[in-house]
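A short worksheet on the structure shown next.
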Amino acid sequence: MGECMNDSFKRETRAWLEANAPKTLLGTRMGKFDGYWGGRKNEESADDVLRWFEVMKEKGWTAPAWPKAWGGGGLLAEEAEVLNQLLQEYRLPPPLVGFGLTMIGPTLLDFGSATQKSSHLPRICKGEIRWCQGYSEPGAGSDLASLRTKAVSDGDDFIVSGQKIWTSHADRSDWIFCLVRTSSTGKKQEGITFLVFDLNSPGVEVRNIELISGASPFCEVFLDEVRVPKENVIGEIGDGWRVAKALLNYERSMIGEAIGGQMARVEAELLSLAAEYRGVGGEVPTSLKDTIAKFSMRERAFVLTVQKVREQWISGKKPGLESSILKVVGSELKQWRWELAEELRGLEGSGWAGEGFSEEALSDTRQWLRSRANTIEGGTTEIQLNVIAKRVLGLPLDGRR
Amino acid sequence: MELGLCEEEVILATSVRGFIEAECPVSRLRALRGLEHPLNYSEEIWGEMIELGWLSLVESSEDRCAALANIAIVAEAMGHSLCVEPFVSTAVGGVWALAELSHEENPLFARISEGNAVVAHGFGLAKWDSVENPAAAVWVDLVEGKECLNGELRFVEFGAVADYVLLPLSFSHSDGLGIGLISLDEARVERIRLDRVDGRNAAHLRFSQRPLGAEDVLIRGSEAVGKTRKIFDALCVAAASEMLGAAQGAFDRTLDYLKTREQFGGPIGALQALQHRAARMFVEIQLARSAVRAASLSFNGGDRDRSCACSMAKVLAGETLWLVAKESVQMHGGVGMTDECDIGFYLKRATVMRHSLGDETFHRSRWSALRQY
């Protein structure tokens, strides 16, 4: 019965996609980050990307599984998965991407009040507001709970002062979800509150950080007596750590899944690089075939593991600690991929800019440098291993705590 | 593809695990190893495994793909406690292979699935002319118009005790391939019994002008090539499951040790240097588990995808077991080096298993050939 319903849903959706998806976008999907981010500051999206976003928005399918009341498509989890598979099959980019859909949205669905849901979720679905994540601080990276950005109570408001760092795309975002300290007594996790506010608020300053890849996806966010209404607290005051951890599971699973999506064609890419730069009489040397096979098998096992975790989510289990496994494996695979490309190219991959190098080589080199951040951002590999050791394997906390 | 176990599979896994945990502690291997033991396994335990219906899984499952998934579940549980009974080679090399070759009516099918004969297989040393053409280690010659078997099958698990051996055949007079199920009665085969590190029963089998009857050959001709590959794949999945179980078994013991062994005033598992290595092992086991499961569900699909999935499972399970076994000995410290501690058995099993049915290099080259690198 259930299967029949999914079959007819699949047939209808396929027909709808064929009628409505811009032909120019078919086959262009690279991964989840390759899409329309929305927001008030968006300037440079191509026409077909915008058209694709508009038709999907009308259908409610920017957030297909969210309730219709909050602007979503109201699809059952199985139906949303069918839609997702069809998008993969046509290699269509997602109509809308960003931390609104993948991080703060699911967190609001879990922890937000009705007012908060109705004021934020529809604006996320419509791509009106782009969100960024204010977690890390200069003195609180891996040791996140040591954060010091303080929120002082002032009537119905908090006055927020401090500094956030590594805030992805803060320069192009509209709102921030933020961890702030509302108390410095007791355990350091206990005085943390989860707060959201508009980056246009007086007292907010955003600066870009240039990375080794030359790009500036990360920013610093300076907060100088920013006035935020207390109604913008998600969950309870002082209970932000619990909300933050739930959101981290969404973040890590998003990173893992996104990497899974990007990996699909890497084997062929690596083989063509090996043939081009290392081929002997047009043949890829055996040792490189062995390396590429090693990579491809691990990549396939990773994709299967992502699929297994997704199957559990679809049957109703929320993303949990398995997201740390996906984060560790996915981020290292991504690094390995770019490292292999860099090694295969050799000096052809040494270009930073300008003449003498192919466009592709220049871009891949930047990707290789960018990929070094993969095992640092979103919780370092070492932090994920801590999580697995303590919370999955039940190993004891070390003596220092 | 459902990568988690379905309800019936969970029931099977629970019951098999329950029996093995109660009856088959790893410590029993000390009494079973070496040439002084006639079988290198327990006849009582093997009898109980047959009683429990493990050899009937081919008949009781929906189809051969489901049967293999069920066999994989049993193999994994056996691997967890390093069981030494001849289940996998008899279930896959005997019952499953006979069914795959449409020999359910063959009287041997009933005999083997009822537990009245132990089957070994000669697919263990993967020597292939190419991915397309598995090369048989033994060949069939025509002597005075009669077919005779010649050659040596090396490192045959359960070879010293098996009643039959399933093996790929190469017919030198007709240039064709086949699959044989050969009786190992004493007069017609020379067995060189092996005393190996893993303590399991094994032998080299030498055939010299051993007459081959029609009943010895299950299949011959062009179809035999595809069937040889398929049976090889099935044996790889079963071996990969067993290795996955062994990796999990070694890991479980080591995790337990990390939580109970005290140094520096607390459990050593509180040390981050060990925690991260334990977490790494856990992650590798999860990846191997996905690979093995996907391979065990691949037998209803296309040949190429199946062979890729099975080679990948063999590689990931082999590498994972190797890592976990070595790390486990290391984390047990001094006691891990002693024969008194069970953990060493996992290391010894690991080296034998990852090299039989083709090592990781072989399977990666098979993968790259299948995927037209």
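Where a number appears in this text, it was derived from the coordinates with a stated rule and is not lab data. Just so we're clear, the structure is a prediction, and the values are computed from it rather than from any experiment. When we count neighbours, we look across all protein chains shown, and the Cβ atoms used for this are built from the backbone with ideal geometry, even at glycine.
Here the scattering of segment B:129-269 is modelled by Debye summation over its C-alpha atoms, one equal scatterer each and no solvent; at q = 0.09, 0.14, 0.15, 0.22 Å⁻¹ the log10 of I(q)/I(0) is -0.40, -0.74, -0.82, -1.37.
Over the alpha-carbon set of segment A:159-221, divide Rg by the Kirkwood Rh and report the Rg/Rh ratio to two decimals. Walk me through the numbers before you get to the answer.
Details: Rg = 13.5 Å, Rh = 13.0 Å.
Result: Rg/Rh = 1.04.
Our note on the geometry: Cα centres of segment A:155-193 and segment A:39-113, 27 Å apart.
Ordering A:218-224, A:169-175 by mean Cβ neighbour count within 10 Å, with the highest value first, yields A:169-175, A:218-224. Summing charges over neighbours of A:Leu333, with a neighbour being any other residue whose Cβ is under 10 Å away from its Cβ, gives +1 when K and R count +1 and D and E count -1. Highest mean first, the peptides A:323-335, A:201-213, A:383-395 sorted by other C-beta atoms within 10 Å per residue fall in the order A:323-335, A:383-395, A:201-213.
Remark: mean inter-chain Cβ contacts per residue of A:106-113 equal 0, using a 10 Å Cβ-Cβ cutoff to other protein chain atoms. Applying D = kT/(6 pi eta Rh) to segment A:55-137, where Rh is the Kirkwood radius over alpha-carbon pairs, T corresponds to 37 °C and eta to 0.692 mPa s, the Stokes-Einstein value obtained is 249 µm²/s.
With viscosity set to 0.692 mPa s at 37 °C, what whole-number translational diffusion coefficient in µm²/s follows for segment A:246-322 from Stokes-Einstein and a Kirkwood radius over Cα pairs?
Details: Rh = 14.3 Å.
Stokes-Einstein gives a translational diffusion coefficient of 230 µm²/s.
Normalised size of chain B, defined as Cα radius of gyration per 2.2 N^0.38 Å with N residues, equals 0.99. Here the contact order of segment B:235-299, divided by its residue count and restricted to Cα pairs under 8 Å and six or more residues apart, works out to 38 percent. Here is the size of segment B:99-206 from its Cα atoms: Rg then Dmax, 14.4, 43 Å.
The alpha carbons of segment B:158-215 give a radius of gyration and a Dmax of 12.9, 40 Å, in that order. In this label model, A:Glu311 and B:Glu105 are separated by 3.8 nm, measuring between points 7 Å along each Cα→Cβ vector. Here segment B:1-143 has an Rg and Dmax of 16.9, 55 Å, counting Cα atoms alone.
How long are the semi-axes of the ellipsoid equivalent to chain A, from square roots of 5 times the Cα gyration tensor eigenvalues, in whole Å, largest first?
Values: eigenvalues 244, 150, 97 Å².
Ellipsoid semi-axes (Å, largest first): 35, 27, 22.
Exposure proxy ranking for B:Met243, A:Met56, based on other Cβ atoms within 10 angstrom of each Cβ and starting from the fewest, stands as A:Met56, B:Met243.
Per the Kirkwood definition applied to all pairs of different Cα atoms, how many angstroms is the hydrodynamic radius of segment A:274-401? Don't skip to the end; give the middle numbers.
Numbers: mean 1/r = 0.0579 Å⁻¹.
About 17.3 Å for segment A:274-401.
Mean separation of Cα pairs under 8 Å and 6 or more residues apart, divided by the residue count, gives chain A a relative contact order of 12 percent.
Multiply the residue separation of A:Asp224 and A:Asn42 by 0.36 nm, subtract the distance between their alpha-carbon atoms, and state the gained length in nm to one decimal.
Values: separation 182, 0.36 × 182 = 65.52 nm, distance 2.59 nm.
Contour length minus the Cα-Cα distance gives 62.9 nm.
Between segment A:331-401 and segment B:12-90, the C-alpha centres lie 43 angstrom from each other.
Listed cross-link partners A:Lys187/A:Lys245; A:Lys294/B:Lys314; A:Lys327/A:Lys390; A:Lys289/B:Lys326; A:Lys150/A:Lys188 are compared with a 19 Å cut-off, the Cα-Cα value being larger for A:Lys289/B:Lys326. Here the Gaussian network model covers chain B, with springs between Cα atoms less than 10 Å apart; of B:Arg64, B:Arg304, B:Arg293, B:Arg304 fluctuates the most.
If you count, for every residue in A:381-388, the Cβ atoms of partner chains within 10 Å of its Cβ, what is the mean?
Numbers: counts 3, 3, 0, 3, 9, 4, 1, 8.
What the average comes to for A:381-388 is 4.
With a 10 Å cut-off around each Cβ of B:358-370, the average count of Cβ atoms from other chains is 4.
Take every pair of alpha-carbon atoms less than 8 Å apart whose residues are at least six positions apart; their mean separation over the length of chain B yields a relative contact order of 17 percent.
Mind checking the alpha-carbon convex hull of the protein assembly as shown and giving the volume per residue in Å³? It would help to have the intermediate numbers written out before the result.
Details: hull volume 141.3 nm³, N = 774.
Per residue, the Cα convex hull of the protein assembly as shown comes to 183 Å³.
Along its three principal directions, the equivalent ellipsoid of segment A:79-204 from the Cα gyration tensor extends over semi-axes of 30, 16, 15 Å, largest first.
Per-peptide packing, taken as the mean over residues of other Cβ atoms within 10 Å, places B:196-206, B:11-21, A:65-75, A:280-290 in the sequence B:196-206, A:65-75, B:11-21, A:280-290 from highest down.
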